[in-house]
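One structure is given below, represented as structure tokens, and several questions about it will come after.
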Ligand code: GDP
């Protein structure tokens, strides 16, 4: 167990009403206490907060007015002594406090080191630690809920339960190997093994099926708005952005930083892809032929295809429909305030499998229906997703896929009447792979790598 005391600024960099410098470790209380003018922090009750001043040890002047929370181990995030110094926001004041703490012997925490300690001290498991990271990065309420549930240990419990089932079956087989004289045990263990393996396999399948939605919750539903010039693509984009809170994030790229725009439509995060490019497009059909546009469309999870109610479908529209018909699309027939020229019956016949929504974006009509359609394509009519356990983490998905494979190997072996101790190897492998999700027996370098992705102060 690490014992040195770490510290970092735990609030986001930038201006804020308050900022927090956090310390964790054996010396956390004594370091802050030696600088604190106010109550004797060594003697206060645990989990209490105190007003006072931080004295600069060099100048002996008052550096800051602060509120200090003292939380004694083990009921803390890291299971070590934790002190949080709340000071006025603003970089100067918070940096000054951090520097004073460092001068007094605390060490600057590495990114994710607080969470890493929580993991190493057994406070949380790996999937919970990863959820902390997801929580920081969550872009919508729903993504945050998923992360919160995972942090709460929901996925961990599910995984633990599956592992337990496999372990019991393996134990059963052990009995069989140790006491081969019991004939019925052999038969029984074979059938139990097959049954349990199927059960767990089914459960892993179910978890993997949530992965796509989980990924979308994390990363946003890649959405492209396409259509001929002047049909109302920009108007649609503006309507979505204005109705909903748009979140603009900068994604560090290899060559240049791209700006992505997120809008939150009824809890579904839409990541508007390359919309600038599409907005500028003069001849979208020509551009569809261009490799890059094709790629943009291929990356899209959802396509919003805009048509004009005031004009009948022309070749360009039909070419667009053809290009995207196998994808997840919603067709928006805009400008219903104009005289009808577009044959809606014919359009619906052309795309029987896709929703067709009518709007008059100029008059803010039809946006509600569109948002319902967007939410339906994502949740497939399932409104209450509150109880689902989503798998959203790439590492988890990979491990679950490997688990699935190991279980399939085991089932296959049993079908082929392979000796049970060979089947046992595959089941054991599945058990180990599930263990890696929650951090049982994971390699130290993986742990370092995972936690290094955190932001400072977490
Ligand atoms: P884009 O070229 O596809 O991005 O289309 P825009 O969003 O720029 O819209 C083109 C024109 O159509 C603009 O003058 C809009 O004001 C107008 N427009 C958009 N929606 C409607 C609508 O519902 N009814 C009418 N009559 N005009 C609209």
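The values are calculated or read from the model by the stated rules, or taken from the named source; none is laboratory data. Just so you know, these numbers come straight off a predicted model, no measurement behind them. Neighbour counts run over all protein chains shown; Cβ positions are idealised from the backbone, glycine included.
So, in region 360-369, of the ones that are without any contact (Cβ under 8 Å) to a residue 60 or more places away in the chain and near the ligand (Cβ under 7 Å from one of its atoms), which residue ends up farthest from residue 304 (Cα to Cα)? Lay out the reasoning, then the answer.
As a first pass, look at region 360-369 and keep what is without any contact (Cβ under 8 Å) to a residue 60 or more places away in the chain: 360, 363, 365-366, 368-369.
Checking which are near the ligand (Cβ under 7 Å from one of its atoms) leaves us with 360, 363.
On the way: 360: 15, 363: 19 Å.
The extreme case among them is 363.
I'm checking my understanding of the structure. Among residues of region 322-339 that are away from the ligand (no atom under 12 Å from the Cβ) and at pLDDT 90 or above, which one is surrounded by the fewest Cβ atoms within 10 Å (Cβ to Cβ)?
Checking each candidate, the answer is 330.
Suppose we filter region 317-334 for residues that are under 18 Å from residue 234 (Cβ atoms) and either more than 37 Å from the chain's Cα centre (by Cα) or not assigned by TED's automatic domain parsing to the domain that holds residue 348 (or both); how many remain?
So the count comes out to 0.
Now, a different point. Going by the structure shown, is residue 393 at pLDDT below 85 and surrounded by 18 or more Cβ atoms within 10 Å (Cβ to Cβ)? Break it down into steps so the answer makes sense when it comes.
On the way: at pLDDT below 85: yes; surrounded by 18 or more Cβ atoms within 10 Å (Cβ to Cβ): yes.
Answer is yes for this residue.
Just the residues that are more than 14 Å from the ligand (Cβ to nearest atom) and within 36 Å of the chain's Cα centre (by Cα), please, taken from region 340-359.
Passing the criteria: 351, 352, 353, 354, 355, 356.
For region 66-90, which residues satisfy the criterion of being outside any loop (DSSP other than H, G, I, E, B) and out of contact with any strand residue (DSSP E or B) (no Cβ under 6 Å at 6 or more places or on another chain)?
88
Taking residue 285 as meeting all but one of (1) modelled with pLDDT of 60 or more; (2) over 22 Å from residue 397 (Cβ atoms), write down the number of the exception.
For residue 285, the failing item is (1).
Report, by residue number, each residue of region 361-379 that is more than 14 Å from residue 331 (Cα to Cα) and not in a helix (DSSP H, G or I).
364, 365 - these are the residues of region 361-379 that are more than 14 Å from residue 331 (Cα to Cα) and not in a helix (DSSP H, G or I).
If residue 408 satisfies all but one of (1) surrounded by fewer than 19 Cβ atoms within 10 Å (Cβ to Cβ); (2) within 16 Å of the ligand (Cβ to nearest atom); (3) modelled with pLDDT of 95 or more, what's the number of the condition it fails?
Residue 408 satisfies every listed condition except (2).
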